[in-house]
Amino acid sequence: MWVKMDIQESAISASPVSASARTQIQVQNPAITAEVEHVLAGRTRDIRLKGELRRLFQERSWPRTAKIIRAWMTWVAVLDALTLSLNAILLPKVIALSMLPPACILPPAALATAFVWRRPRALWLQRLSIIAGMFLILLSVALVGVSAGGEFYERHLNIMLFVAITAIIIFGIPLGWTVTIAAFALGLYLVFQLQNPSLEKGSAIAAALFFASGILATVVARRTMTILAQKTFLLELRDRSRVVELADANAQLERLARTDPLTGIANRRWMMETLNQLWSGGLKRDGGAAMLMCDIDDFKNLNDRLGHAEGDRCLVKVAGIIESCVRRNRDLVARYGGEEFLVLLTGVDEPEAIAVAERIRESVEAASLPNPASRVSPYVTLSIGVATHAPDHEVVSPGQLQNQADASLYRAKQTGRNRVATGSVH
């Protein structure tokens, strides 16, 4: 196929879908597509991503999850510092000083976790950082109340549970990590409440069970949010796959519409459309242009003597020979109809166009393709009409140049065939 058509074809068939290169490649993977359809065919609550789908989902969701975790950790550290400052102002000095040591655990733990989540790291390090960071943050909040005692004891344990619940809701992390954080929060609450001097053990256990039901509901809600996010991801993958399939189908139809099915080169319609586009774009001023109209001599006799199958093979071979004789990055070749081929040469004058035409004619004759019924030679020959237009001449249309090439071809036929005849358009 000639290069100019390839360039325009690639521009037309460019996909509008925007996605990461890895995801785009995986979308075209039949195994991934089949797995997506299989998962979506089941119930939403049964969605479980495994293997490559799970990895792709994690890659897709990591930037958003990491950004949320970093922001949450940073603000927790800031709020902890502000709370300590207010406590120092509003509370008795003894109580404020007792809160200071455990409160100092929180900022380093939160900021260290935020640092780890600045960029993708090994999964084990991400898991360790978020679980360890949350444990130290929850422990810090609880110890602040335990150290202060009195009304601060149970208040800070409740604050600790509130901190855990907010983290569970907004952190889009694996379910196992979420459950671990929830377990830490309930464990710390129960341990410290059992040691609360102002609370009986039965009341501590009852309170722990009450909060456990709330945290369990929060974990379930988090799981539901994750499932819905995964379903949305799967639907996007399926839509992308269908868009890719549709784009491929459209590109194939476009190729069929512009390509001659026998020879594989451009057909007449696409040649003329492209010619008009290039002409209107200033090709006619780019150092001149020439058009060659090539016709196989006595092709009807070839079909009658050797059969249409041999005639088709002849057309394919002649098309290949013509393409091999022109510049693939500048010149256009098309099957004009039947045994006729149209060639557009750009940036050439009349002597150069005649030289190309002679090269084509000689190459076809040298190929020794059989045509025993020909009146010219026992082998296939070409008659070629050449029309040229110099850039300093009056502007002409592609149709006028083609008509002149037809006239030149007629002269080549009338003067004996297997020859090149020329003319210029002024």
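The values are calculated or read from the model by the stated rules, or taken from the named source; none is laboratory data. Fair warning: this is a prediction, and the values are worked out from it, not measured in the lab. A quick note on method: Cβ atoms are made from the backbone with ideal geometry, for glycine too, and the neighbour counts reach across all protein chains shown.
A few remarks follow.
- Residue ID - modelled with the highest pLDDT, chosen from residues in the stretch 387-426 that are farther than 17 Å from residue 361 by Cα, hydroxyl-bearing (Ser, Thr, Tyr) and touching a strand residue (DSSP E or B) at 6+ places or on another chain (Cβ under 8 Å): 388
- Every pair of residues 6+ apart whose Cβ atoms lie under 9 Å, when the first sits in the stretch 396-408 and is not assigned by TED's automatic domain parsing to the domain that holds residue 383 while the second is surrounded by fewer than 20 Cβ atoms within 10 Å (Cβ to Cβ) and not in a helix (DSSP H, G or I): none
- Test set (1) on the phi < 0 side of the Ramachandran plot; (2) within 22 Å of the chain's Cα centre (by Cα); (3) loosely packed, with under 12 Cβ neighbours inside 10 Å; (4) without any contact (Cβ under 8 Å) to a residue 60 or more places away in the chain - residue 29 fails condition number: (3)
- Only one of the numbered conditions (1) more than 16 Å from residue 155 (Cα to Cα); (2) at pLDDT 90 or above; (3) surrounded by fewer than 15 Cβ atoms within 10 Å (Cβ to Cβ) is violated by residue 239, and that is (2).
- Counting only strands (runs of 3 or more DSSP E) that sit wholly inside the stretch 318-426, those with at least 3 residues that are under 46 Å from the mean Cα position of the chain (by Cα) are 332-337, 340-346, 382-389.
- Test: residue 333 is surrounded by fewer than 22 Cβ atoms within 10 Å (Cβ to Cβ), farther than 16 Å from residue 380 by Cβ and modelled with pLDDT under 95: no
- Residues in the stretch 111-144 that are over 21 Å from residue 186 (Cβ atoms) and among the hydrophobic types (A, V, I, L, M, F, W, C): 111, 112, 114, 115, 116, 117, 122, 123, 124, 125.
- From 183, 164, 148, residue being surrounded by 18 or more Cβ atoms within 10 Å (Cβ to Cβ), among the small types (Gly, Ala, Ser) and over 22 Å from residue 95 (Cα atoms): 164
- Hey, residue 110 out of contact with any Ser or Thr (no Cβ under 9 Å at 6 or more places or on another chain), part of a helix (DSSP H, G or I) and surrounded by 23 or more Cβ atoms within 10 Å (Cβ to Cβ) or not: no
- Any hit, the stretch 248-267, residues being under 20 Å from the mean Cα position of the chain (by Cα), of a type in the set (A, V, I, L, M) and not assigned by TED's automatic domain parsing to the domain that holds residue 147: yes
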